[in-house]
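Asker: Before we start, here is the structure in question, set down as structure tokens.
The values are calculated or read from the model by the stated rules, or taken from the named source; none is laboratory data. Computed from a predicted model, the values in this text were never measured in an experiment. Heads up, the Cβs are rebuilt from the backbone with ideal geometry, glycines too, and the neighbour counts pull from every protein chain shown.
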């Protein structure tokens, strides 16, 4: 018996969440007295996973899987779990993995717990702690099925190195042609230096920036912080920024270590989507903006004046401490 993870990748490179999942899986496997097996799809250097405790890698290479297909990818994970006799299957909380997880659970007749935020509280019975109610509360979930599927909330565990000598094995699961009836014509990808999905720091702008011509000052701050840039829904609806940068409950969820909201009032849908971020900083001219109620730090003032000064101070600090 082993513990199985799906190590997510894009363009042949592992996403940061794959390493976080491997780190988490290693600790869970130790408590269960078992090993960690990872299944990968069209990934490049799979040996990177051994740095985080993966003992075995099942390598799937198939051009049909170049574009994500929830049913087909779920079949891959399901067959890998059956091959390895895995009783615990771990996935990330990315959009793709969240599409897959229920399908994997149904295929394996398994119990499923999403948004897991910590190591199992108990293995007999099997209990985990989860985010609930748009990250406003926690609940304790008990899974009584023989096979268990968990999705780990992003940025809830971190990266922990634990070198292992991973065995690599080619794996060719059977694919159902009917799963590919829907053809992908094109895939829109962001081209920024740091993607929202992998960012530890996110700097997000709203209508308080007054227009797309002022976005440069936000990008300057993001550059100093090594951050990804994002935006509120109204900004993407107005066409100031691409929809791929829209974060919140109706956009991409964010669970960064630091989230800086610039000129965003804080609609409930936006706050719900970024509430898992550990530290939230708000810059807004309106002292009564809802965002201040959930912020760890707040600055009342005009972002067009504050951002350049803040960026300059950060540059000076980095130079002094270089």
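Asker: Hey, could you check segment 39-72 for residues that are in contact (Cβ under 8 Å) with a residue 40 or more places away in the chain and under 19 Å from the mean Cα position of the chain (by Cα) and say which is surrounded by the fewest Cβ atoms within 10 Å (Cβ to Cβ)?
Answerer: Step by step, filter segment 39-72, then rank; the result is 67.
Asker: Any residue at all in segment 106-114 that's at pLDDT below 90 and touching a helix residue (DSSP H, G or I) at 6+ places or on another chain (Cβ under 7 Å)?
Answerer: no
Asker: State all residues of segment 292-312 that are within 17 Å of residue 257 (Cα to Cα) and not in a loop (DSSP other than H, G, I, E, B); if no residue qualifies, say none.
Answerer: Residues satisfying the conditions are 297, 298.
Asker: Take the conditions outside any loop (DSSP other than H, G, I, E, B) and within 20 Å of the chain's Cα centre (by Cα) and apply them to residue 156. Does it pass?
Answerer: no
Asker: Same structure, new question: Could you tell me whether residue 151 is touching a residue at least 60 places away in the same chain (Cβ under 8 Å) and either over 25 Å from residue 40 (Cα atoms) or part of a loop (DSSP other than H, G, I, E, B) (or both)?
Answerer: Against the criterion (touching a residue at least 60 places away in the same chain (Cβ under 8 Å) and either over 25 Å from residue 40 (Cα atoms) or part of a loop (DSSP other than H, G, I, E, B) (or both)), residue 151 does not qualify.
Asker: Is segment 15-34 home to any residue that is in contact with a helix residue (DSSP H, G or I) (Cβ under 7 Å, 6 or more places away or on another chain), assigned by TED's automatic domain parsing to the domain that holds residue 170 and not in a helix (DSSP H, G or I)?
Answerer: No.
Asker: Going by the structure shown, is residue 109 assigned to a loop (DSSP other than H, G, I, E, B) and more than 22 Å from residue 154 (Cα to Cα)?
Answerer: Against the criterion (assigned to a loop (DSSP other than H, G, I, E, B) and more than 22 Å from residue 154 (Cα to Cα)), residue 109 qualifies.
Asker: Could we say that residue 186 is without any contact (Cβ under 8 Å) to a residue 24 or more places away in the chain and surrounded by 12 or more Cβ atoms within 10 Å (Cβ to Cβ) here?
Answerer: In short, no.
Asker: State all residues of segment 63-91 that are in contact with a strand residue (DSSP E or B) (Cβ under 8 Å, 6 or more places away or on another chain) and either modelled with pLDDT under 95 or in a helix (DSSP H, G or I) (or both); if no residue qualifies, say none.
Answerer: Passing the criteria: 65, 73, 76, 77, 80, 81, 83, 84.
Asker: Testing residue 142 on (1) assigned to a loop (DSSP other than H, G, I, E, B); (2) more than 25 Å from residue 11 (Cβ to Cβ), one condition comes back false. Which one is that?
Answerer: (1)
Asker: Looking at segment 142-157, is at least one residue exposed (fewer than 11 other Cβ atoms within 10 Å of the Cβ) and at pLDDT below 95?
Answerer: Checked segment 142-157: no residue is exposed (fewer than 11 other Cβ atoms within 10 Å of the Cβ) and at pLDDT below 95.
A quick yes/no check of all residues on (1) at pLDDT below 95; (2) surrounded by 24 or more Cβ atoms within 10 Å (Cβ to Cβ); (3) more than 22 Å from residue 310 (Cβ to Cβ):
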| residue | (1), (2), (3) |
| --- | --- |
| 257 | yes, no, no |
| 264 | no, yes, no |
| 269 | yes, no, yes |
| 274 | yes, yes, no |
| 278 | yes, no, no |
| 282 | no, yes, no |
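Asker: Would you mind telling me which numbered condition in (1) in contact with a strand residue (DSSP E or B) (Cβ under 8 Å, 6 or more places away or on another chain); (2) surrounded by fewer than 19 Cβ atoms within 10 Å (Cβ to Cβ) residue 160 fails?
Answerer: (1)
Asker: Hey, another quick one. If you go through segment 225-235, how many residues are crowded, with 18+ Cβ neighbours inside 10 Å and closer than 18 Å to residue 314 by Cβ?
Answerer: Matching residues across segment 225-235 total 4.
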